[in-house]
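See structure below.
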Amino acid sequence: MRLSYVRELDEYPTGARRMKILTMAVLAILIGSYEGQIAPVVPLLLKDLDMSLATYGAVSGAAAVAGAIASILGGRLTDRLGRVRLLIPLMGLTAVCCFAMTLVHSPRDLLIARIVLAFVDGVAMASTAPLIRDFSPRLGRAQAFGFWTWGPVGANFLAAAIAGWTLPIFNDSWRSQFVIMGCFSLVISAVIALNIADLSPELRARIQHTEQAAAQVVDLGRPARVRSLFVRRNIWAHVIGISLWLVLYITLSLFGQTMLVDALGISSAQASTIMAAFWSLNLLTLIVTGRVSDRTQLRKPFSLGGTIAAVLVTAYLAASLGQEDVSTGTLMVVGALLGGSLGVAYAPWMANYSEDAEDADPRLQGTAWGLFGFLTKAIAVVGLLVIPRVVAATGWQTWLFVALGCLVLFIPAILMFNGPWRRPARMPVTVALGEAEG
């Protein structure tokens with residue numbers, strides 16, 4: 001039985017209709033990421049609940065573990081049940097979880113509320129990356145995933161901007177932010193529900209090269225098997241490689257300002273300015289490089305070039321942490337170059353991973369992206385638990401060199417991905433189900 005809010009398409013949408021659905025998927029990841037934001041009110045929360053920073057760290061770690069497990073489960077469920085059938089009701093439930101945050105009066109309450117929110121949100125958001133894949137033909141996929149990446153980053157700015165504007169109005173009540181968050185999420189969830197759609201199982205089983213050209217590559221009478229993903233060497237290269245790549249990215253996301261303040265003795269404001277330069281160029285290169293990657297239909301050269309550039313910039317930054325009198329201007333340039341380099345590598349990698357998983361079985365996109373969601377949250381847990389201990393024992397410079405080493409190890413993994421290194425003379429129209437030649 002088809003639920004009333006699930007609109008299933010039997011023909012692949014084109015033009016403005018397809019772009020509208022893609023926009024809804026990007027909006028969903030933005031709102032889902034915004035609902036998980038708590039950083040702007042942490043100082044107020046710690047004071048009101050009489051809670052130590054260590055306790056808050058433990059709560060955050062437990063929530064991240066719940067989110068990681070939810071991503072795996074959500075990925076499998078979205079392949080079996082469909083994207084919209086899972087996404088819409090769970091987005092409404094996450095809004096309710098935001099309202100429930102106002103009932104928190106102790107660290108124990110906070111632990112329960114954050115675990116429940118992280119789990120529900122993790123299952124819900126597992127549908128968004130597969131939706132991007134479903135409605136982005138290979139000719140535009142890297143740019144589409146670049147916009148999808150704007151969601152988690154944009155949520156940081158959205159949460160900070162709303163808190164800065166409204167906290168003074170509500171006498172610095174941290175609960176006000178979760179009421180605003182819940183109301184905002186309910187409204188946007190309704191907008192998404194009215195405008196989003198799902199592809200029929202038959203369409204999801206296709207590899208879509210352009211809006212018009214597609215290849216039917218699987219027998220729908222044969223069930224999709226997860227094993228078909230993990231018997232492939234290139235999928236393991238993606239999984240292991242991006243886990244190593246994410247070590248540096250998560251380090252900068254969680255501790256970027258703290259690292260700069262502690263290692264260089266600069267002010268928090270200066271550190272925030274440097275990280276703003278990092279994120280600004282990162283967001284720009286995600287879209288620009290994604291577009292160029294789509295026009296050339298090349299993925300691996302961009303991932304390799306961006307990673308090599310990031311290695312060089314990270315090495316310079318790690319060396320700078322051991323020096324004195326490094327100017328803020330220099331650090332801003334270094335931060336911007338590092339953010340830009342990572343952006344160059346990331347959007348083409350996402351398209352490459354989606355396409356390699358698609359070649360195994362197009363019906364397993366949710367499973368593949370659920371695994372990716374698990375990895376990102378698992379690395380975040382490792383970061384929360386391991387980085388402070390390593391830094392306390394050896395300093396930020398040592399940890400940054402560790403992250404640099406992990407980034408270097410991503411380079412040989414790229415060599416194992418599928419896809420061409422040079423632009424072919426004529427674009428292929430069909431793709432066989434077996435492994436494409438790398």
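The values are calculated or read from the model by the stated rules, or taken from the named source; none is laboratory data. From a predicted model like this one, the values you see are computed outputs, not experimental measurements. All Cβ positions, even for glycine, are placed from backbone atoms using ideal geometry, and neighbour counts span all protein chains on display. All accessible areas refer to the heavy atoms of the entire protein, side chains included, with ligands and DNA or RNA removed. Shrake-Rupley method; radii C 1.70, N 1.55, O 1.52, S 1.80 Å.
Descriptive notes on the structure:
- Check on Leu131, among the hydrophobic types (A, V, I, L, M, F, W, C), open to solvent by less than 10 Å² (accessible area, probe 1.4 Å), at pLDDT 85 or above and touching a Cys at 6+ places or on another chain (Cβ under 7 Å): no
- The residue that is surrounded by the fewest Cβ atoms within 10 Å (Cβ to Cβ), among those in segment 382-409 that are under 18 Å from the mean Cα position of the chain (by Cα) and under 11 Å from Val247 (Cα atoms), is Val382.
- Any hit, segment 40-52, residues being within 20 Å of Pro152 (Cα to Cα), in a helix (DSSP H, G or I) and either of a type in the set (A, V, I, L, M, F, W, C) or open to solvent by less than 30 Å² (accessible area, probe 1.4 Å) (or both): yes
- Exactly one residue among Ile72, Ile29 is assigned to a helix (DSSP H, G or I), in contact (Cβ under 8 Å) with a residue 24 or more places away in the chain and open to solvent by less than 20 Å² (accessible area, probe 1.4 Å), and that residue is Ile29.
- Considering residues of segment 34-52 that are aliphatic (A, V, I, L, M) and free of Cβ contacts under 8 Å to residues at least 60 places away in the same chain only, the residue nearest to Ala380 (Cα to Cα): Val42
- Within segment 115-139, residues that are charged (D, E, K, R) sit with their Cβ atoms under 7 Å from residues that are part of a helix (DSSP H, G or I) and open to solvent by 10 Å² or more (accessible area, probe 1.4 Å), at 6+ positions apart or across chains, in these pairs: Asp134/Arg204; Arg138/Glu355.
- For Ile21, the conditions (1) loosely packed, with under 13 Cβ neighbours inside 10 Å; (2) outside any loop (DSSP other than H, G, I, E, B) all hold with the exception of (1).
- Contact map, segment 376-400: first residue within 23 Å of Leu338 (Cα to Cα), second residue assigned to a helix (DSSP H, G or I) and acidic (Asp, Glu), Cβ cut-off under 7 Å, separation 6 or more or different chains; pairs are Trp396/Asp262.
- Scope segment 197-212; condition assigned to a helix (DSSP H, G or I) and more than 23 Å from the chain's Cα centre (by Cα); matching residues: Pro201, Glu202, Leu203
- Filter result for the condition that a residue is modelled with pLDDT of 90 or more and not polar (S, T, N, Q), over Pro388, Pro412, Pro428, Pro424: Pro412
- The residue that is surrounded by the most Cβ atoms within 10 Å (Cβ to Cβ), among those in segment 213-238 that are modelled with pLDDT of 75 or more and part of a loop (DSSP other than H, G, I, E, B), is Ala224.
- Failed item in (1) in contact (Cβ under 8 Å) with a residue 60 or more places away in the chain; (2) within 22 Å of the chain's Cα centre (by Cα); (3) open to solvent by less than 10 Å² (accessible area, probe 1.4 Å), with Leu331 passing the rest: (2)
- Some residue of segment 188-196 being part of a loop (DSSP other than H, G, I, E, B) and under 27 Å from Arg85 (Cα atoms): yes
- Index of the failed condition, Ser176 passing every other in (1) within 17 Å of Leu30 (Cα to Cα); (2) surrounded by fewer than 22 Cβ atoms within 10 Å (Cβ to Cβ): (1)
- Which listed residue, of Pro348, Pro362, is crowded, with 18+ Cβ neighbours inside 10 Å, more than 21 Å from Asn156 (Cα to Cα) and at pLDDT below 95: Pro362
- Residue in segment 53-69 that is nearest to the chain's Cα centre (by Cα), counting only those that are open to solvent by less than 60 Å² (accessible area, probe 1.4 Å) and more than 16 Å from Lys377 (Cβ to Cβ): Tyr56
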